[in-house]
Structures are given as C-alpha cells and as structure tokens.
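The values are calculated or read from the model by the stated rules, or taken from the named source; none is laboratory data. Worth saying up front: this structure is predicted, and the values here are computed from it rather than measured. Positions of Cβ are generated from backbone atoms using ideal geometry, with glycine treated the same way; all protein chains shown enter the neighbour counts. Accessible surface areas use protein heavy atoms only, side chains included; no ligands, DNA or RNA. Shrake-Rupley method; radii C 1.70, N 1.55, O 1.52, S 1.80 Å.
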Amino acid sequence: MKLFKKLGCSLLLVMTALLFLSGCSTERPSRANGINVVSSVNFYGTTAKAVLGHYGHVTSLIKNSSIDPHDFTPTVRDAERVSQADFVISNGLNYDNWMNSLSQDAPHAKRIKVGQTLLHQPLKSNPHVWYRLNTMPELANYLAKQFSKKDPAHRKFFYRNAHHYDHSLAILKTQINWLKHHRQKSRVDVSEPVFDYELREIGYQINDPSYAKAVEHGTDPSPEAIRSVQNDIKHRRIAFFVENTQASDAIVNNLVKLAHRHHVPVMKITETMPNGMNYRSWMMKQNYRLEMIQAREKESN
C-alpha cells in the first residue's frame, strides 16, 4: 500500500489500486465478485458460506447473540445490502418478518424462507426449525442446487461443499442417538418452545405446553399455567426445566430458583448462535449440557 502513496506513482497505478480495493471489499460486494447472499441470522449465513466458499459473499444481518430476531429493526445499510443480493435467506414462520419488507427491494433475488420454502411448514408452526436435526443439511443441499443454477461452472464445487458440511454435522446425529438411548424420565417443562424440535427427536415430551405457548405469543402465562410448572418442579415430575437464557424474566427466574431448591436440573439453551461459535459447535455444546444432566440423573437413581 505504501507504493500507492508515493508522490511519483502513476495514475495507472492509482486506478489499479482502487480497483483492487473495491474488489476485496467485504462491505459492498458487487455482482462481479460472485454470488451475493444475505441472511437474516448468522446460523443460516454460516451454512450458506460453507457451501458458497470463495465464489461469492455472505452477509448476516444479525450476528450478535444479544439481538432478539423478533424485535430487530433493520437499518438503511441493511436494506442496501438486501437490495444487492442474489439470494435472501430468512427463517420465515413469523420469526423474522422484517425481512419480508426488506426483500421487496430485491426483485431479482431468490428468496428462501427456510420454514416454508425448504421444510414446507404451516405458517403458524414453531419457528425454531434450526433445532430440527436435518434442517441445516437440507438447507446446505438446497443452496448447492440454487447456487449451481446461478453459477453452473462451479456446480461440483458447491455440491462437494454441501456434502462436506453435511458430513461435519453427522456428530450431532450421533449425539442425538446417544441422548435418546440414555434418556430416563420422558417429561420436561420449558420456558419457551425454542428447544422443542430436538427434545422430541430425543423422545422427551413437553409436560404442560400452555405456559411456553403463552410466552411465545407474547402474552402473560395464566396463573394456572404457572402453578402447573411449579408443581411439576416441586414434585419432581419432570427430568429437567429448559430455560432460554436470552429471554428470561421474573417468572422464569423464579422457576429456575425453584428448580434449584428442589434439585431439578435446568437445561440452559440460547435462541441465537453465541458470538465466536459456528452452528456445529453451538449445537454440540448444548447437547453436551444435556448429556451431563442425563448422567447426573442416572447417578441419582
């Protein structure tokens, strides 16, 4: 870079440098740099990047675990990024509706709503589909197909990357099978229906879903629903209580304290991917927490 700052450099060198810098920019990728993907949340963005590799650019609008996707307010810069996209990936299922209006300004982009486009779920389904074991492998293979239509010359590259990504997530299936085999009690209570897809894959049942449904719909749980969860904890009817640590309130905090007093394990999960992690390490870490809960439960029996 110092060469380009010398007074004696030619106009040709200056123009070359400017072209180089604009080509390497991660802030405003051009279509000439390959496929441009914008995702609503980072765990879909990392999947897209694993398939796309260096033949394009992926931007995730939410990449901070402290941001609630339900309440996210996009910026003008976010709208500009989406307007330049070839592919727009969102969750759908009323989870990130703000992406609907943003993508209206990207008429030529392929819009992928994971819940509807890929999984064909009804609109009112539980939106937390990334906790479903096969969602990310299915997304990776779907993206390989779509990227190949946009860039046929690198079809083999995209499909090979999707295969490698799928293979890297095989350990999650191994963990699920292990957890299913070592499950003791079958009933649990949850603060929100965030972890429900995986719980059901392991074989757990939500003992009283009315509390979690109220929280998910943004309404106050009824006194009866709260008492039901409290009694499940006091009488140790459940294997554990699942707490979404990113959306705790006074009621949830009190339920967690009650669980500790009555020696009911608390399974802590997060709704968005923590900073510095990828999807695989995020899921593995939470599965390991559940493995420890099961191990302690087995020792106490």
* Asked: What ³J(HN,Hα) values, in whole Hz, does the Karplus curve 6.51 cos²θ - 1.76 cosθ + 1.60 give for the stretch 126-136 when θ = phi - 60°, with x put for Gly and Pro?
  -> 4, x, 7, 6, 6, 8, 7, 4, 8, 4, 5
* Structure fact -> With the label point 7 Å along the Cα-to-beta-carbon line of E297 and a cut-off under 12 Å to each amide N, the hits in the stretch 171-205 are 179-189, 199-200, 202-205
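If you count only protein heavy atoms with a 1.4 Å probe, what accessible area per residue comes out for the chain, rounded to a whole Å²?
Per residue, the chain has 52 Å² of solvent-accessible surface.
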* Using only the Cα atoms of the chain, what do you get for the radius of gyration and for Dmax, in Å? -> 22.8, 82
* How far is it, in nm, from the label point at K149 to the one at K268 when both lie 7 Å from their Cα along the line to the Cβ? -> 4.4 nm
* Structure fact -> Shape call for the stretch 67-114, from the Cα gyration tensor axes a ≥ b ≥ c (a/c under 1.5 means rounded, otherwise prolate when a/b beats b/c, else oblate), comes out oblate
* To do: Stick to Cα atoms and the Kirkwood definition of Rh, then tell me Rg/Rh for the stretch 48-182.
  => 0.98
* To do: Would you mind computing the Rg to Rh ratio of the stretch 108-212 from its alpha-carbon coordinates, Kirkwood style for Rh?
  => 1.07
* List the extent of the Cα atoms of the stretch 202-301 along each of their three principal axes, largest first, rounded to whole Å. => 39, 37, 24
* May I ask you to list the aspartates and glutamates whose Cα is less than 17 Å away from that of K150, ignoring any residue fewer than eight positions away on the same chain? => D86
* Asked: Using bins 5 angstrom wide from zero, how does P(r) for the stretch 166-210 break down, in % of all Cα pairs?
  -> 5, 21, 28, 19, 15, 8, 3, 1
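Report the full-extension gain for the segment H54 to N254: residue separation times 0.36 nm, less the Cα-Cα distance, to one decimal in nm. Working shown, then result.
On the way: separation 200, 0.36 × 200 = 72.00 nm, distance 4.82 nm.
Length difference between fully extended and current span is 67.2 nm.
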* Hull shadow area, averaged, the stretch 27-122 [alpha-carbon convex hull, nm²] -> 6.0 nm²
